[in-house]
Amino acid sequence: MLTDLFSPSVQHLLDLAGIFVFAMSGALLAVRKNFDVFGMAVLAEVTALGGGVLRDLIIGAVPPAAFTDLGYFLTPLAAALIVVFLHPEVERITKAVGVFDAAGLGLFCVSGTVKAYGHGLGLTFAATLGMATAVGGGVLRDILAHEVPSLLRWDRDLYAVPAMVGAALAAVLLRFDALDGPTAAIPVVVAFVLRLLAMKYHWRAPRAWHRRSAAREAP
Amino acid sequence: MLTDLFSPSVQHLLDLAGIFVFAMSGALLAVRKNFDVFGMAVLAEVTALGGGVLRDLIIGAVPPAAFTDLGYFLTPLAAALIVVFLHPEVERITKAVGVFDAAGLGLFCVSGTVKAYGHGLGLTFAATLGMATAVGGGVLRDILAHEVPSLLRWDRDLYAVPAMVGAALAAVLLRFDALDGPTAAIPVVVAFVLRLLAMKYHWRAPRAWHRRSAAREAP
Amino acid sequence: MLTDLFSPSVQHLLDLAGIFVFAMSGALLAVRKNFDVFGMAVLAEVTALGGGVLRDLIIGAVPPAAFTDLGYFLTPLAAALIVVFLHPEVERITKAVGVFDAAGLGLFCVSGTVKAYGHGLGLTFAATLGMATAVGGGVLRDILAHEVPSLLRWDRDLYAVPAMVGAALAAVLLRFDALDGPTAAIPVVVAFVLRLLAMKYHWRAPRAWHRRSAAREAP
């Protein structure tokens, strides 16, 4: 199947790893928002699976993969459980979580693009949905947690752009029928590295020209 | 049909009753948020039907039941109309509304589970969607009203857990092919009673261990 | 096809014009919220296409039109780009943008009703989805931007009601098999003019009777 960039079992393991770290960021935000353990489980599930569910609803792949694979469903619960008991320890390794999150971003933007393309969408739309797969869960997480989506804020390091680049690269490879196991690693790694660089050097996107000077510069 | 736990007409009446009280909680929040009558109607519809629409989109039952049954559509409008004219009186019986809401919770978590299972989902996912049917409308209500979802807050009496228990019980009965009219009442009543007890004794879910002491304890 | 009220190419042009002005309102809000250019593009896309995507998911028309027509996808990006570079100029013509937005409202409530009806929904539901097509993007825009949906606030000029009237009129015409190119213009113009009048005379919807006097009257 086209969605399997690598051998099915390797692909599944990578998916679960991405889901795990995304879930962790959801559970950590739930702790910061003072939610209870149930709220942590909900935010973990939504962050990890929300982007893929959105994509599957739009391409008509129902029920979404998140509702047919027990591994996808249980992994976020495991991540939430770890945060429940080891929250201060996890907070201390936020940087490591960020690195894994970048890896999830790279994986999901590519596998999302491939899945959407496999369901007959055009390359531009497949890449858009690939990016949405990677970043959608985080947006739903912030909406549920009643926060301004960190994706849209100018004072956050680039997050969507690396996903966009990875998804676009994957689309180009699909266009030339050149996407298979080894080449699929290219867009994944590019998105991953771009995100790491954005975190290291605090890359940010520009805002509109000539905004009113009154606009507050600091968050 | 599997979705009909009881005789079709009894089931439909119970559905409408659940929809009515859920709609009331939406309309009451709209009044508290100072929305106009149109906003009240929107919040009433979304609170009452949102969970079921989400479930139907995910299991691929389109158009969702809420868009094919006029009774489902008009009942929230009737609830909103009552709140428009009798708002102070309705506020005074908030406790009674809470009891009816608990009944709606019990009904919806079970009928949602049964419907999802009837569409081929596994038992775990059917139970998850059953719970989502019961609590999803309230989450959408809070998001539209620009509030922290009350479902996720630690300082609210248990709401999702009774629905989860009811949905899980229904799934167990489905597993053993033992769900029919009379036995379907068991999970409904269990969820209903658990929710009433949670309200009476202010049961709450725990939060993460070792949260920073700085975290504010009161809302 | 029923969705084409006018000749296909005229209809497409009108659609793109409506999408363009809706996208502009999204991009302008993004500037006011201090989002970066990526956030502007996201809000532009969501505002312009969100209502139609919701409608298409509910009627089961997947992938939604927004994911199959490059024109629909690129137009909001063009609108966002204009706002990026000419933001103060666009702010200065907010009134003109409001007039175009009213035209978009009129077009979308009618074409949304027609499309939903063409997919087999009843007239009441088709009209409801028509209205949702016209106003849904704005609600999603406000949720993403972490604002109280302007649609629900009592202190905003009527927005949903003109769309509702237009959609209902279109449904009546459909009922009597009298909707074709020329007659379709009637509900479009009625919704358009009603919205213009609502803006000019600050028409507002009433709120619940006997709200507590403590409720704050000004935003």
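The values are calculated or read from the model by the stated rules, or taken from the named source; none is laboratory data. Values in this document were obtained by computation on a predicted structure and should not be read as measured data. Note: ideal-geometry Cβ built from the backbone for every residue, glycine included; neighbour counts use all protein chains shown. When the accessible area is computed, the model is the full protein with side chains, heavy atoms only, and any ligands, DNA or RNA have been set aside. Shrake-Rupley method; radii C 1.70, N 1.55, O 1.52, S 1.80 Å.
This table checks each residue for (1) of a type in the set (D, E, K, R); (2) under 18 Å from the mean Cα position of the chain (by Cα).
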| site | (1), (2) |
| --- | --- |
| C:ASP36 | yes, no |
| C:ALA44 | no, yes |
| C:PRO63 | no, no |
| C:ALA66 | no, yes |
| C:LEU74 | no, yes |
| C:GLY104 | no, yes |
| C:SER111 | no, yes |
| C:VAL114 | no, yes |
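Within the group B:VAL114, B:VAL110, B:VAL135, which residue is of a type in the set (Val, Ile, Thr) and within 22 Å of B:ARG204 (Cα to Cα)? That would be B:VAL135, the only listed residue that is of a type in the set (Val, Ile, Thr) and within 22 Å of B:ARG204 (Cα to Cα). For segment C:31-47, the criterion of being touching a helix residue (DSSP H, G or I) at 6+ places or on another chain (Cβ under 9 Å), in a loop (DSSP other than H, G, I, E, B) and either open to solvent by less than 10 Å² (accessible area, probe 1.4 Å) or modelled with pLDDT under 95 (or both) is met by at least one residue. Of the residues in segment A:194-211, at least one is open to solvent by 30 Å² or more (accessible area, probe 1.4 Å), aliphatic (A, V, I, L, M) and in contact (Cβ under 8 Å) with a residue 60 or more places away in the chain. With respect to the stated conditions, A:MET24 is over 30 Å from C:GLY60 (Cβ atoms) and more than 9 Å from every other protein chain (Cβ to nearest Cβ). Please determine whether any residue of segment C:27-44 is under 22 Å from A:PRO149 (Cβ atoms) and away from chain A (no Cβ under 11 Å). So far as segment C:27-44 goes, yes, one or more of its residues are under 22 Å from A:PRO149 (Cβ atoms) and away from chain A (no Cβ under 11 Å). The test for being away from chain B (no Cβ under 12 Å), part of a helix (DSSP H, G or I) and within 16 Å of the chain's Cα centre (by Cα) does not hold for A:ASP56.
Would you confirm, using the coordinates I've provided, whether B:THR75 is buried (at least 23 other Cβ atoms within 10 Å of the Cβ) and farther than 23 Å from B:ALA191 by Cα? In short, yes. So, C:ALA102, is that one more than 14 Å from every other protein chain (Cβ to nearest Cβ), crowded, with 16+ Cβ neighbours inside 10 Å, of a type outside the set (Lys, Arg) and part of a helix (DSSP H, G or I) or not? Judged against the criteria, C:ALA102 is a match. Selection of segment A:135-167 for residues being open to solvent by less than 40 Å² (accessible area, probe 1.4 Å) and in contact with a Phe, Trp or Tyr (Cβ under 7 Å, 6 or more places away or on another chain) yields A:VAL135, A:GLY137, A:LEU151, A:LEU152, A:ASP157, A:LEU158, A:ALA160.
For (1) more than 19 Å from the chain's Cα centre (by Cα); (2) over 30 Å from B:ALA66 (Cβ atoms), each residue gets a yes or a no:
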{"site": "C:VAL10", "(1), (2)": "no, yes"}
{"site": "C:LEU16", "(1), (2)": "no, yes"}
{"site": "C:GLY26", "(1), (2)": "no, no"}
{"site": "C:MET40", "(1), (2)": "no, yes"}
{"site": "C:GLY71", "(1), (2)": "no, yes"}
{"site": "C:ALA78", "(1), (2)": "no, yes"}
{"site": "C:GLU89", "(1), (2)": "yes, yes"}
{"site": "C:THR94", "(1), (2)": "no, yes"}
{"site": "C:ASP101", "(1), (2)": "no, no"}
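Would you confirm, using the coordinates I've provided, whether C:PHE67 is closer than 25 Å to A:LEU121 by Cα, within 8 Å of another protein chain (Cβ to nearest Cβ) and crowded, with 22+ Cβ neighbours inside 10 Å? The answer is yes for C:PHE67. Counting only helices (runs of 4 or more DSSP H) that sit wholly inside segment B:114-219, those with at least 1 residues that are more than 10 Å from chain A (Cβ to nearest Cβ) and within 25 Å of A:ILE82 (Cβ to Cβ) are B:123-144, B:160-175. Number of residues in segment B:104-123 that are of a type outside the set (A, V, I, L, M) and touching a Lys or Arg at 6+ places or on another chain (Cβ under 6 Å) equals 1.
For segment B:144-159, what are the residues that are free of Cβ contacts under 8 Å to residues at least 24 places away in the same chain and touching a His at 6+ places or on another chain (Cβ under 8 Å)? Listed by number, the residues that qualify are B:VAL148, B:PRO149.
With respect to the conditions (1) part of a helix (DSSP H, G or I); (2) more than 8 Å from chain C (Cβ to nearest Cβ); (3) modelled with pLDDT of 90 or more, B:ALA61 falls short on a single one, namely (1). For segment C:125-144, filtering for residues that are among the hydroxyl-bearing types (Ser, Thr, Tyr) and in contact with a Leu (Cβ under 8 Å, 6 or more places away or on another chain) leaves 1.
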